[in-house]
Amino acid sequence: MKQFKYNENNHSGLYRHRILIRKRTTTVDELLQEIEVFEDYGYYWAMTKTLKGSEFIAAAKEQTENTVRFVVRYAKSLDEFIAAEKTTFEVVHNGITYDVQSAMNDDFINQTVTIVAEGRG
């Protein structure tokens, strides 16, 4: 394969959506009480894809849920995110907050990471 061959399914123009990944952390307030807050983990350029009808049926989910796939280019900073418990992360895109359901390194070749998230609401 040529090193710089154009790939129409994975060019930079597809990654045009800016997402913010936030991580849940526990802090102590002035009254020495532990509270859970979300801190910014990182901003990434992503390709967004909605789930197909067959994927909804396979997952046995209601059609009213807003489930989205975010595909981001792999970065070393995402290693902790991929390995961590997914309930400790959320994704913010266009002012909508999504709960992360899963995140996987596609084909384990460190090119893209797919994040499946469900919108709150």
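All of the numbers you see were taken from the coordinates with simple rules; none came from a lab. Keep in mind that what you see is a predicted model, and the values were worked out from it rather than measured. Virtual Cβ from ideal backbone geometry, glycine too; neighbours counted across all protein chains shown.
Just need a number here: residues in the stretch 63-83 that are in a loop (DSSP other than H, G, I, E, B) and touching a residue at least 40 places away in the same chain (Cβ under 8 Å).
Taking the stretch 63-83 and keeping what is in a loop (DSSP other than H, G, I, E, B), we get 63-66, 74-77.
Applying the additional criterion that residues be touching a residue at least 40 places away in the same chain (Cβ under 8 Å) yields 65-66.
Adding up the residues that qualify gives 2.
Can you report the number of residues in the stretch 90-109 which are farther than 17 Å from Trp45 by Cα and out of contact with any helix residue (DSSP H, G or I) (no Cβ under 9 Å at 6 or more places or on another chain)?
Step one: list which residues in the stretch 90-109 are farther than 17 Å from Trp45 by Cα, which gives 99, 101-102, 107-109.
Adding the requirement that they be out of contact with any helix residue (DSSP H, G or I) (no Cβ under 9 Å at 6 or more places or on another chain) leaves 107-109.
Looking only at that region, the number is 3.
Looking at the stretch 24-50, which of the residues that are surrounded by 10 or more Cβ atoms within 10 Å (Cβ to Cβ) and more than 14 Å from the chain's Cα centre (by Cα) is nearest to Thr87 (Cα to Cα)?
Step one: filter the stretch 24-50 for residues surrounded by 10 or more Cβ atoms within 10 Å (Cβ to Cβ), giving 24-25, 27, 35, 37-38, 40-50.
Within this subset, residues satisfying the condition of being more than 14 Å from the chain's Cα centre (by Cα) are 24-25, 27, 35, 37-38.
On the way: Arg24: 8, Thr25: 11, Thr27: 17, Ile35: 16, Val37: 13, Phe38: 12 Å.
Taking the candidates together, the pick is Arg24.
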